[in-house]
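The next block holds one structure in the form of structure tokens; read it before the comments.
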Amino acid sequence: MGDWIGAVPSYLVVAAVLIVPGLAVIVAGWGWRSPQRLLLAPAVSTTITAAAASVAPLIGLRWNLLPLALLTLVVVGVALVLRRVAGTDAAPAGRRIGLAVLLPLAAAAGVNAVMFARAFGSPENIAQRFDNIVHLNAIALGLREGSASPFQIGSTSDIGFYPNGWHALTTIGAELTGSGVPVAVNGANLAIVSILWPASTMALAGAFFAQRRTAFVVAAALSTGFGAFPALFFNWGVLYPNLVGYAMLPATLAVVVTALAERSAPALVRSALLIVLLAGGTFLGHPNAFISLLFFAAAVVVTAFAVRAATERTPRAVLHLGVVSGAFVVAIAGTVAVFRTGAEHSGWSPWQEFSQALGEGIFVAPRGFGPTFVVSALLLMGFVAVARRPRLLPVLTPFAVAIALFAISSGLRIDHPLRQIVTNPWYNDSNRLAALLPLVAIPVATLGALVVVDLVRTWGRRRRLPAWTGVAAAGVAVVAVFSVALGPNVRIALGQVHEAYAYTDNSLILSSDEEALLERLDDETPSDALIAGSPRTGTSLALAFADRRVTQRHVFGSPSEQQLFLNQHLRDIDTDPAVCRAVDDIGIDYVLDFGTQDVIDPAGAAAYSGIQDLAPNAHLVLVDSQGPNARLFRIEGC
């Protein structure tokens, strides 16, 4: 772990960005007294960071601490005004609850940071997965341009807009520390999984269970125990933007839950504004996360109103239920229609039979991630608790929705109408839907833990056991629930992450030789050099590793006709004068040739046949090489 010293500055900067702005807003708007509210700080900070990065270029500011501080002051000012009208939060009933929040959060942060640092292997490693090309280059381009707005991030792959929550956090970490892009990415990701994610899920547990100390402890521990999230997103994709959006989702849902208990109009308005703020931040994480939030919020709110209607049995309660249900139906139908994806992006196939998918969803064990006994037992206890006390249904229904979405995507045939209607906004991608399961399973498992704790306490009181037995039992319980971090569910997933981040001779993006050659570009090419190469082989990462301009920053995009011509004919530079004319028009200085190892589909190499496996000649001068396939050429004589 000693290698990770170099990533500490990036981690600490992003950690501070995740804590300070949101904490200032929460204290200004609600006061210090509610730990559950304070746990929202990282999600609020993420929203402010993404929004500030979006606004900064519009007012002529480079992306750094200044626009972040300015927007934070604005939001703090609004929060102070709302506090004067709506008042502060009441203190929770339990004693020493602050420690019961801080200590488990610190423990979960430490466990997650160590687990994922070990999985990444080294702070310089990158995920050898297709989408990582655009994410790494987006950070490098953001640093070069001084902007992490959605429009700047989108330009990396030649699209107009791309959600920037993850990129804004990572870019500011790199900007303030001067770390290389891979180190900045890994430092930011460790901060996200160790601070934003556990704090968010603890906030939801506190909202559901009246800030019980046990709920905070269990939720913190369970944040370390699932393979489907966050580990899956470091292997599948990789899906860093989804990582931020999903990590924010429980915090946003927590505000929805607490808003249901608000009784005064000013407090309800304040909660509504916080929901809007965090929902916007969830969207800037990724639209998939926003759609998921809408589904889960509908499940919580409609179920809560249904329970109220069943309990009160008044026309008014039934009317409220009808209005709320209708509003969510319209909102969900409209959102799903707006965010439908085309066939080229939503053709992911199902994995299994529907019944198998249901079983995997119920025990949060998709993709062969074996169930962890402690988690399974707590989930079963949670199911029993809801069956006995239907008023607890709002805890369970979001999980039921997540199971249904996952089972539809992974268990129905590819052309099933229900699959095409319901899960299309997630690209019909079972992985993205599998990752939703832990987000809403944790409250159910936490409920199961509360049931066990209450039963044990009642049993102990009846037998008048000495006080020390309660302390000992609590210690054993804490160790038991934190043991989920060693369970097969997360262990299998982290093993796959470790494989995804390893440099080998056959890595999908960069082999060890190719990475070594990229590291030398600083010394071998001028800072304004333009480098050509097949992005499908990783050559475009010259931008991320050495801050050198490249002709294509991602596999997708809109290359010019001249670039398409060179991709097929650069090898003919000695014999075809049109090649030199195209080189001069574009301004290419160097060519990186990493052979034909393709990041996603070997058949795709055919489109770059003229710029791969090159041989030195009068116009292509070999400058450097590493191993059999990694070579750098300088273009001369054009």
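Each reported figure results from applying straightforward, stated rules to the coordinates on display, with no laboratory input. Small disclaimer: the values here were computed from a predicted structure and weren't measured. Cβ sites come from the backbone with ideal geometry, for glycine too, and all protein chains shown count toward neighbours.
On a C-alpha basis, how far is the centre of segment 472-511 from the centre of segment 25-103 in Å? Whole number, if you could? Between the Cα centres of segment 472-511 and segment 25-103 lies a distance of 32 Å. Counted by neighbouring Cβ atoms within 10 Å, the residues Y427, Y240, Y501 run from fewest to most as Y427, Y501, Y240.
Taking the fewest neighbouring Cβ atoms within 10 Å as the starting point, the ordered list for L277, L378, L260 is L260, L277, L378. If only the Cβ of Lys and Arg carry +1 and only the Cβ of Asp and Glu carry -1, the dipole of the chain around its Cα centre is close to 5000 debye. Each of D601 and T469 was given a label point 7 Å from its Cα along the Cα-to-Cβ line. The distance between the two points is 6.6 nm. Give the distance, in whole Å, between the Cα centre of segment 355-373 and the Cα centre of segment 595-623. Centre-to-centre (Cα) distance: 43 Å.
When each of the peptides 463-469, 600-606 is scored by the mean number of other C-beta atoms lying within 10 Å of its residues, the order from highest to lowest reads 600-606, 463-469. Counting Lys and Arg as +1 and Asp and Glu as -1 over every other residue whose Cβ lies under 11 Å from the Cβ of A606, the net charge comes to -1.
Across the chain, C-alpha contacts under 8 Å between residues 6 or more apart give a mean separation that, scaled by the residue count, equals a relative contact order of 15 percent.
Could you tell me the distance between the Cα centroids of segment 551-579 and segment 228-259, to the nearest Å? So the two Cα centres are separated by 40 Å.
In this simple spin-label approximation, Q356 and S558 carry label points 7 Å from Cα along the Cα→Cβ vector, and these lie 4.3 nm apart. Over segment 459-563, the pair-distance histogram of Cα-Cα distances with 5 Å bins from zero comes to 2, 10, 13, 12, 10, 8, 6, 6, 5, 5, 5, 4, 5, 4, 3, 1, 0 percent, rounded to whole numbers. Extension gain, S512 to T88, is 147.0 nm, computed as 0.36 nm per intervening residue step minus the present C-alpha separation. Sorting the segments 119-125, 590-596, 412-418, 161-167 by their residues' average number of neighbouring beta-carbon atoms within 10 angstrom, most packed first, yields 161-167, 590-596, 119-125, 412-418. Treating the angle as unsigned and between 0 and 90°, give the value, to the nearest 10°, between the Cα long axis of helix 467-482 and the longest Cα principal axis of the chain. It is inclined by approximately 30 degrees. Charge tally for Q496 (other residues, Cβ to Cβ under 12 Å; Lys, Arg +1; Asp, Glu -1): +2.
What is the mean projected area of the alpha carbon convex hull for segment 512-635, to one decimal in square nanometres?
Computing the convex hull of the Cα atoms and averaging its projections yields 6.8 nm².
Considering only DSSP states other than H, G, I, E and B, which GluC sites (Glu not before Pro) in segment 270-367 qualify as loop sites with at most 13 other Cβ atoms within 10 Å? Filter output for segment 270-367: E344, E353. Any idea what angle helix 181-191 forms with the longest principal axis of the chain, computed on alpha-carbon atoms, 0 to 90 degrees, nearest 10? The angle comes out near 0 degrees. The C-alpha atoms of segment 197-295 occupy a region whose extents along the principal axes are 46, 31, 18 Å, arranged from largest to smallest. Return one number: the angle in degrees, 0 to 90 and rounded to the nearest 10, between the long axis of the Cα atoms of helix 132-145 and the longest principal axis of the Cα atoms of the chain. Once rounded, one gets 80 degrees.
Scoring 505-518, 380-393 by mean Cβ neighbours within 10 Å over their residues and listing the highest first yields 505-518, 380-393.
For A477, what is the net charge nearby, where nearby means another residue's Cβ is under 13 Å from its Cβ and Lys, Arg count +1, Asp, Glu -1? Its environment carries a net charge of +1.
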